[in-house]
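The values are calculated or read from the model by the stated rules, or taken from the named source; none is laboratory data. All of these numbers come straight from a predicted model, not from anything done at the bench. All Cβ positions, even for glycine, are placed from backbone atoms using ideal geometry, and neighbour counts span all protein chains on display.
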Amino acid sequence: MKKIIITALLLASCTLAMAEPYVGGSIGYATANIDCPAGVNCTSNSKGGKVFAGYSFNPMFALEASYFDLGKVGANVGATSLNLKSTGIGLRGLLSVPFNKDFSGFAAVGINSVKSKLAIRAGISSLDADSTSTKPSLALGVDYALTPSLKLRGEVEQIGFAAPAGAGNYHVTNFNVGLKYGF
């Protein structure tokens, strides 16, 4: 029994020795799944970005929190315009697979709280509505070590949300490139 406890403590200390907090940020391109009817001028692409902080428990598993901006999408018909802006916070688990000493891939599954603001303008009339929804997210990405502490990160992330005023459920595909710094 004593050997089992000592072995467990040694394994736990090895895992803690490999543990690493990190921070980062990325910018990118977000595209929403908006179907645009004929005669309507739609914008379903926008600039996006996020900042994140995480904790790598070992080289293969990390937990990460983020704040993200999905940008603004919209539609115009004559003098009527509709704009939807979404931001949110998220928490996700990352499973990493090292390809070599500098290059690794990861898959992430998480949950996001997304706040969406809808603005409709028609001539001198206007309507504003907002909503907050909680939906899952999925991501695939790669990290490339520029230095032992600094990594270049690229990822594709799928984020779901509900639009205000019963306008439906949507998802945004976010293509990001950024930096991750480990302490």
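Inside the range 136-159, can you point out the residues that are over 18 Å from Phe52 (Cβ atoms) and either of a type in the set (S, T, N, Q) or in contact with a Phe, Trp or Tyr (Cβ under 7 Å, 6 or more places away or on another chain) (or both)?
Correct list: Thr147 only.
Among residues belonging to the range 104-123 that are among the small types (Gly, Ala, Ser) and buried (at least 17 other Cβ atoms within 10 Å of the Cβ), point out the one that is farthest from the chain's Cα centre (by Cα).
Result: Ala119.
Between residues in the range 38-49 that are farther than 8 Å from Asn76 by Cβ and residues that are surrounded by 14 or more Cβ atoms within 10 Å (Cβ to Cβ) and of a type in the set (Asp, Glu), which pairs lie under 7 Å by C-beta distance while being six or more apart or on different chains?
From the range 38-49, the pairs are Gly48/Asp69; Gly49/Asp69.
Which residues, counting only those in the range 124-159, are within 10 Å of the chain's Cα centre (by Cα) and among the small types (Gly, Ala, Ser)? Spell out how you get there, then give the answer.
Taking the range 124-159 as the starting set, the residues that turn out to be within 10 Å of the chain's Cα centre (by Cα) are 137-139, 155-159.
Ser137, Ala139, listed by residue number.
Which one of Ala38, Ala30 is over 20 Å from Gly178 (Cα atoms) and modelled with pLDDT under 95?
Values: Ala30 fails: over 20 Å from Gly178 (Cα atoms).
Result of the check over Ala38, Ala30: Ala38.
Inspect the range 90-106 for any residue being part of a strand (DSSP E or B), within 20 Å of Cys42 (Cα to Cα) and without any contact (Cβ under 8 Å) to a residue 60 or more places away in the chain and give the result as yes or no.
No, there is no match, as no residue in the range 90-106 is part of a strand (DSSP E or B), within 20 Å of Cys42 (Cα to Cα) and without any contact (Cβ under 8 Å) to a residue 60 or more places away in the chain.
If a residue has to be among the polar types (S, T, N, Q) and farther than 13 Å from Ser116 by Cα to count, how many in the range 73-95 make the cut?
Adding up the residues that qualify gives 3.
Just wondering, is there one or more residues in the range 49-72 that are basic (Lys, Arg), in a strand (DSSP E or B), at pLDDT 90 or above and surrounded by 14 or more Cβ atoms within 10 Å (Cβ to Cβ)?
yes
Filter the range 136-168 for residues that are in contact (Cβ under 8 Å) with a residue 24 or more places away in the chain and within 18 Å of Lys117 (Cα to Cα) and give the result.
Residues satisfying the conditions are Ile159, Gly160, Phe161, Ala162, Ala163, Pro164, Ala165, Ala167.
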